[in-house]
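A.B. asks: Quick one: this structure, given as structure tokens, is what I'll be asking you about.
The values are calculated or read from the model by the stated rules, or taken from the named source; none is laboratory data. All of these numbers come straight from a predicted model, not from anything done at the bench. Glycine gets a Cβ as well: all are built from the backbone with ideal geometry, and neighbour counts include every protein chain shown. Just the protein is used for accessible areas: all its heavy atoms, side chains included, with ligands, DNA and RNA removed. Shrake-Rupley method; radii C 1.70, N 1.55, O 1.52, S 1.80 Å.
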Amino acid sequence: MVIIHYPLAKPHIGKEEERAVLKTLRSGVLSMGPAITEFEKRFARFVGTKYAVAVSSGTAGLHLALIGAGIKEGDEVITSPFSFVASANAILYVGATPVFTDVDPNTFNIDPMGIEKKITPRTKAILVVHIFGQSADMNQILALARKHKLKIIEDACESLGATYKGGENGIARMVGTFGESGVFAFYPNKQMTTGEGGMIVTNSKKLCALLRSLRNQGRGKNMQWLSHERLGYNYRMDEMSAALGLVQLRKIRFLIRERQKIAVWYHRFLSKQACGIQPLKVAIGNTNTWFVYPVLLPSGVNRNSVVERMEKRGINTKPYLPSIHLFGFYKKRFGFKKGDFPISEEVSERVLALPFYIGLTKNDIGLIVDALTESLA
Ligand SMILES: *Cc1c(COP(=O)(O)O)cnc(C)c1O
């Protein structure tokens, strides 16, 4: 018997990555060397910002982006409850309060219609999460931010390379370039990886200098080793990770195209089934770079038993993502309860992420979709 195993995700690593990491390892310069400088320069160029600052994780990047925006104790930051927990946690790190507002039922991104009602005199910023590989509705969000003088910080950790086409000129722009800063992550399941790692992008020279200091123990401008000018952190990315990131970045258009190809296969096979499984919708004007491949199961289906049946066939699936406000420590601290953000909750209850990584063939996808429809029956 052939044993098939489809994990949920895996990175796409080749010989070039191995060679690059080994070369850096042998160079003896393992931190704050040439690889990081080059990686930052090329990353900024790819995304379309003036500066990029590499950090040890996407979460670290979000933390520094919030400090950089001057968010502090007593401030409120509006954000999405349908996200990986890190986006809301980063708001807690700086002592501010995450103020959730519900999501759009089609894209699962923050619904701009709900934002204005949440604005108070304490609101300082909107932390926009671009979930599952596509941009939030930025035109409306930017207009609200302008009207109420709020800062925009983007959590683009799931959406590297995704574009949004809006405004009168209709020019497509990459996510991460709309706010005062945008944050990316390179965990192994993201569009590209450095193992652990993240990047903050910005067009502000001043903010860039502050972020470079903050990630490096608060060191002063010339980064002298024992000159600390502010409370900083060790959020540096190491050289091996940067060397890996440089090779992955060189291939990023290929990596994204491959993801999009697999997503199209999923979409085609899913549109042939009559079980009521809904693929993720891509908003008009958006390109999706597909972080995971999520589907909504029909309401009333016992998702746990679907996961179990798929598991028995060697296919990993995952309820992804739970709504942040229903985690125990958020409920306890802020008094959230079921029903507070009904759309986010319904998506969380019905969503299932399917195996999604480069190397899956059209045949694999057909097999996975067949297994899924059979598991529903
Ligand atoms: C992956 C991710 C992050 C940060 O991830 P790290 O594991 O810290 O690199 C932040 N926000 C979202 C939405 C993510 O998916």
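A.B. asks: Before I look further, what does the chain give for accessible area per residue, probe 1.4 Å, in whole square angstrom?
C.D. replies: 45
A.B. asks: To one decimal place, what orientation-averaged projected area in nm² is obtained for the convex hull of the Cα set of segment 253-376?
C.D. replies: Here the figure is 9.2 nm², rounded to one decimal.
A.B. asks: Of 151/221; 151/190; 281/332; 165/261; 272/338; 41/206, which sit over 23 Å apart, Cα to Cα?
C.D. replies: Correct reply: 151/221; 151/190; 281/332; 272/338.
A.B. asks: If each DSSP helix of 4+ residues adds -39,500 (n - 2.57) and the sum is divided by the residues in the chain, what number results at 222 nm, nearest 500 deg cm²/dmol?
C.D. replies: -11500 deg cm²/dmol
A.B. asks: Moving on. Considering amide H positions built from the backbone, and no H for Pro or chain starts, which residues 5 or more places from residue 293, or on another chain, come under 5 Å of its amide H?
C.D. replies: Amide H neighbours of residue 293: 354.
A.B. asks: Also: Where Lys and Arg each count +1 and Asp and Glu each count -1, what net charge lies around residue 192 among other residues with Cβ under 11 Å from its Cβ?
C.D. replies: Working: positive: 190, 250, 251, 253, 259; negative: 17.
Local charge sum for residue 192: +4.
A.B. asks: Given contacts defined as C-alpha pairs under 8 Å and at least six residues apart, what's the relative contact order of the chain, whole-number percent?
C.D. replies: 23 percent.
A.B. asks: If you project the alpha carbons of segment 43-202 onto the principal axes, what extent comes out on each, in Å, largest first?
C.D. replies: That gives 39, 38, 30 Å along the principal axes, largest extent first.
A.B. asks: Compute the Cα gyration tensor for the chain, then decide on rounded, prolate or oblate, letting a ≥ b ≥ c be the square roots of its eigenvalues: rounded whenever a/c is under 1.5, prolate when a/b is larger than b/c in the other cases, and oblate in all that remain.
C.D. replies: It is oblate, given that a/c is not under 1.5 and a/b is not larger than b/c.
A.B. asks: Still on this structure, I have one more. Return the whole-Å distance between the Cα centroid of segment 140-195 and the Cα centroid of segment 2-54.
C.D. replies: 21
A.B. asks: Compute the FRET efficiency between residue 30 and residue 251 as 1/(1 + (r/R0)^6), taking r as their Cβ-Cβ distance and R0 = 25 Å, and round to the nearest 0.05.
C.D. replies: FRET efficiency, residue 30 to residue 251: 0.60.
A.B. asks: Roughly speaking, to the nearest percent, how much of the chain's 1.4 Å accessible area is carbon and sulfur? Before the final figure, lay out each step's value.
C.D. replies: On the way: 9360 of 17060 Å².
Whole-percent figure for carbon plus sulfur exposure: 55.
A.B. asks: Order 308, 76 by their accessible area, 1.4 angstrom probe, all chains in place, largest first.
C.D. replies: Descending accessible area places them as 308, 76.
A.B. asks: Any idea what the dipole of segment 68-160 comes to, in debye rounded to 20, about its Cα centre with Lys/Arg Cβ at +1 and Asp/Glu Cβ at -1?
C.D. replies: Charge dipole of segment 68-160: 460 debye, to the nearest 20.
A.B. asks: Okay, next question. State the antiparallel share, in %, of DSSP beta bridges confined to the chain, rounding to the nearest 5.
C.D. replies: Antiparallel bridges: around 60 percent, rounded to the nearest 5.
A.B. asks: If you don't mind, another one. Any idea how far apart residue 143 and residue 327 come out in nm if each label point goes 7 Å out from Cα toward Cβ?
C.D. replies: In this crude label model, residue 143 to residue 327 measures out at 3.3 nm.
A.B. asks: Now for a separate question. When only Cα pairs under 8 Å and 6 or more residues apart are kept, what is the percent relative contact order across segment 202-331?
C.D. replies: 12
A.B. asks: Also, quick follow-up: Taking 22 Å as R0, compute the FRET efficiency from the Cβ-Cβ separation of residue 299 and residue 267 and round it to 0.05.
C.D. replies: With a Förster radius of 22 Å, E is 0.60.
A.B. asks: Okay, next question. Want the number for residue 16 to residue 370: 0.36 nm per residue separation, take away the alpha-carbon distance, what's left? Let's see the in-between values first.
C.D. replies: On the way: separation 354, 0.36 × 354 = 127.44 nm, distance 3.59 nm.
Additional length available on full extension: 123.9 nm.
A.B. asks: Still on this structure, I have one more. Please report the net charge: other residues with Cβ closer than 10 Å to the Cβ of residue 74, K and R +1, D and E -1.
C.D. replies: Residues near residue 74 contribute 0 overall.
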